[in-house]
Amino acid sequence: MDSSKAEEPQLRHVEKDVLIPKLMREKAKERCSQHVDAFNRCCKDAGFFMVFRCREENAALKQCLTQHYQDPAFFEECKQEYLGEKHEYEQTGIPAKNRKQKLPTSM
């Protein structure tokens, strides 16, 4: 048995198929932000005709997102980030979204 595999935590189905892909979608949207912005501008400007007028922007956005979704290194990066957040939660009991909030400066 490979020792590196023994140290790797076993992921539950929901983690591998739902939670990590959700993180991937969020990060991919950040990395493709210029395409997201271009598509949003086009949709706002085109109004009702956005389906016809924004094909090029939509295709570019889909291509950028798909490139990230299919990248095994990107999946591994998101998996490690998820595992880090999971470990931090197990240690503190505080969810990641609550840890990222700023504490009030005066009480």
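Working out 0.36 nm times the residue gap between residue 55 and residue 16, then minus their Cα-Cα distance, what length gain in nm do you get to one decimal?
Values: separation 39, 0.36 × 39 = 14.04 nm, distance 3.20 nm.
Taking residue 55 through residue 16 to full extension adds about 10.8 nm, to one decimal.
Give the relative contact order (percent, whole number) for the range 12-92; include only Cα pairs under 8 Å separated by 6+ residues.
On the way: 43 pairs, mean separation 30.3, N = 81.
Relative contact order, the range 12-92: 37 percent.
Rounded to whole Hz and in sequence order, give me ³J(HN,Hα) for the range 81-86 from the Karplus expression 6.51 cos²θ - 1.76 cosθ + 1.60, θ = phi - 60°, writing x for Gly and Pro.
Result, ordered by residue: 5, 4, 4, x, 5, 5 Hz.
Here, each number is a calculation from the coordinates, and none is a lab measurement. What you see is a predicted model; the values in this text were computed from it and never measured.
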